[in-house]
Structure formats: C-alpha cells, structure tokens
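Accompanying notes for the structure given below.
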Amino acid sequence: MPMYQVKPICGGDIKVDLPTCMYKLPNIHAQQGNSCTPEHALQNGEVDPAVKALEARQDEIMRKLYELKAAVEGLAKTVTTPDADLDLTVSSSLSSQSSTAFKATTDLDTLLGKDLGALRDIVINANPAQPPLTLLVLHGLLCERYRVLSTVHVHSSVANVPPQLLSCLGARHADSYARHMFQLGFTLIWKDVPKLQMKFSIQNMCPIEGEANVARFLFKLLAPYPSDPAIATLVDSWVDTAFFQLAEGSAKEQAAVLRALNSTLGCKPWLSGPEFSLADIACYCCVLQSGSASSAPANVQRWIKSCENLGHFNHAKLLLQ
C-alpha cells in the first residue's frame, strides 16, 4: 500500500512519437547509380559534392607523389649525392681531359669503393678567410685525370665572398646538368668553419678535417703514395711542416723552414726526390700564402719557378692577387 498518492501532472491520453532509429544509413547493397549510393551519402541518399571534389583532389595528389617517387628511385640507381648542407647557391662547373703530371695510375673503384652511382661526390667546406690553395692545385690535377664536375656554393653562414672565390674552379660546364657524364663530383662550399672539412660518404666515413689531411686524400686519387716507407714518411713530414710551420708558424719558424727547403733543394730537384709530389704542392702553396716567396733563398726561388712551369699553380696564384 503506497504511503501517499500523487495526482498525474498530465492527461493520460497524450501520445509521443518515438523514432525507430537514431540516424539513417544508406544501403550498402544498393547498386551503383542508385539513389542510395554507399559512399559519402547524406541522410537523403545523395553524395556531397564537396566531399567528391576533395576525393578527386586527393587522388591527383597521390598520383603525382607516386610519379615523383618513381623518378627519385630511378635517379637513386644512378646518382648518390651526400648531404652538402647548402642554403644560398652560386654555382660554377669545370671539366677537362688531358695528360697528368704523374706517371702512376689509380682506380676510383679501388680508392673510393664501388657504388651504384655513376658519379662519386666529394664535398668540401672551407672558410673564405683561409682559401685552401692546395685544393685548387689538386683540383686542376684531378681534372686532367678524370671527368670532374666541379661546383662552387656559398653557405648562409658567410655574408660576402670575393668574386675570385666564386669562380676559383672555373666556368660552368655546358653539360653540368648531365651528371652521368662525369666520374667525380668536386663540390666546394664556402662556409664559416674553423677547419677545412671534407665529406665523401656520410654513411661509411666521418668527415676529414684539416687541409693537410684533405690534401693527402685527394692526392691519392691521382697517384699512390710511394711504396718506399722512407720516402712516404718524408712526404708526410714536409706536408706537416708546410701547414703547421709555414702556414701557421711564427716568422722565426718560417725562416727555419725556408732554410731547410733551401738545403734540401740544393741536392735534388724536388722535395721527395726526383719526382714531383704532394710535398712540393703543399710547400709551394704555403710559401706563396705566407708571402715569403720573394725573399726566399736561391734554391727555393729556382724550385718555385720549376713548380710554376708545370702550370698547375695558376689558379692558386690568381686567388692571392
């Protein structure tokens, strides 16, 4: 028995229409072209035109992406380029084929390893405040041995670069767009770096730092180091002396090196013996860059003229003018 009785607040004859479902869905078994199409259908069974336009745009974008992916995969089979870290670009290219000054021959596959790409890229970061003269000389020698695609770039960390540095590797080659026609890529980037850096394979090796070390690497692309350990050690000694005493040493150290050069060149034509080597390239460039060429002893003066007669140092001399 209820405790108390409450009268109804409304009449009992009120009828409420309840929906049979929460929302309508199109029939997924309907035939194509039926009024109830399954895709993007509204409640009345019609397709939203905005959705159809968005779908068409997405299909077009995906088609272009697949085409771009196919093009990149095709290039990857013939070209492998390491990260050059470029922002602002000013380019120039050079390639030439002629006889080299070195008798020994080298093979790029042996030195750089076999690669899927037809072009092997060497990327060098250098500070424009300290132009690497040895690299310009070695670049000219590489162009005589291989088909070299040479390019100069300017990094955003450098505000102004003199015009002679932008054209230090020569004029743009007419076939620079066809990378498969070249054997070696030589990319020089003027960048605010404390030491000269070189990257060849970012997957397999760490960057090489220092102009002396980079010069040794590039010289091996021209000719192997002497098989005689004594001569090879002598070459390395002169290279270190050039960069650490002539280029970075005091006036007293530079004078001592010039005396040692004069004594050595008094009994042989080149620093490492009867043949021109990396020791001559390094010492010549450092003597030229230190400004002591005009006051050098007699044997050094004769040796400087012998180096200049080879014609490999023209770009280095023009860079200091």
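The values are calculated or read from the model by the stated rules, or taken from the named source; none is laboratory data. Remember, predicted model here, so these are calculated numbers, not experimental data. Note: ideal-geometry Cβ built from the backbone for every residue, glycine included; neighbour counts use all protein chains shown. SASA here: full protein model, heavy atoms, side chains in, ligands and nucleic acids out. Shrake-Rupley method; radii C 1.70, N 1.55, O 1.52, S 1.80 Å.
Restricting attention to region 122-146, and to residues there that are more than 24 Å from Asp240 (Cβ to Cβ) and in contact with a helix residue (DSSP H, G or I) (Cβ under 8 Å, 6 or more places away or on another chain), which single residue is surrounded by the most Cβ atoms within 10 Å (Cβ to Cβ)?
Residues of region 122-146 that are more than 24 Å from Asp240 (Cβ to Cβ), as a first pass: 123, 128, 143-146.
When the remaining residues are screened for being in contact with a helix residue (DSSP H, G or I) (Cβ under 8 Å, 6 or more places away or on another chain), the result is 128, 146.
Numbers: Pro128: 17, Tyr146: 21.
Ranking the qualifying residues of region 122-146, first place goes to Tyr146.
Scan region 245-285 residue by residue and report those that are out of contact with any helix residue (DSSP H, G or I) (no Cβ under 7 Å at 6 or more places or on another chain), in a loop (DSSP other than H, G, I, E, B) and among the polar types (S, T, N, Q). Within region 245-285, Ser250 is the sole residue that qualifies.
Conditions tested, residue by residue: (1) in contact with an Asp or Glu (Cβ under 8 Å, 6 or more places away or on another chain); (2) open to solvent by 60 Å² or more (accessible area, probe 1.4 Å).
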| residue | (1), (2) |
| --- | --- |
| Leu265 | no, no |
| Trp270 | yes, no |
| Ser277 | no, no |
| Cys283 | no, no |
| Gln289 | no, yes |
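On the stretch given as region 206-253, residues that are open to solvent by 60 Å² or more (accessible area, probe 1.4 Å), farther than 27 Å from Ala293 by Cβ and not small (Gly, Ala, Ser) total 7. Note on region 147-177: among residues that are among the hydroxyl-bearing types (Ser, Thr, Tyr) and modelled with pLDDT of 85 or more, the one that is surrounded by the fewest Cβ atoms within 10 Å (Cβ to Cβ) is Ser156.
Does any residue of region 293-300 turn out to be open to solvent by 60 Å² or more (accessible area, probe 1.4 Å) and assigned to a helix (DSSP H, G or I)? It would help to see each step written out before you state the result.
Looking only at region 293-300, we keep the residues that are open to solvent by 60 Å² or more (accessible area, probe 1.4 Å), and these are 294-295, 298.
Now restrict to residues that are assigned to a helix (DSSP H, G or I): 298.
Yes - at least one qualifying residue is present in region 293-300.
Selection within region 301-321: residues that are among the aliphatic types (A, V, I, L, M) and open to solvent by 10 Å² or more (accessible area, probe 1.4 Å). The member of this set that is farthest from Leu246 (Cα to Cα) is Leu310.
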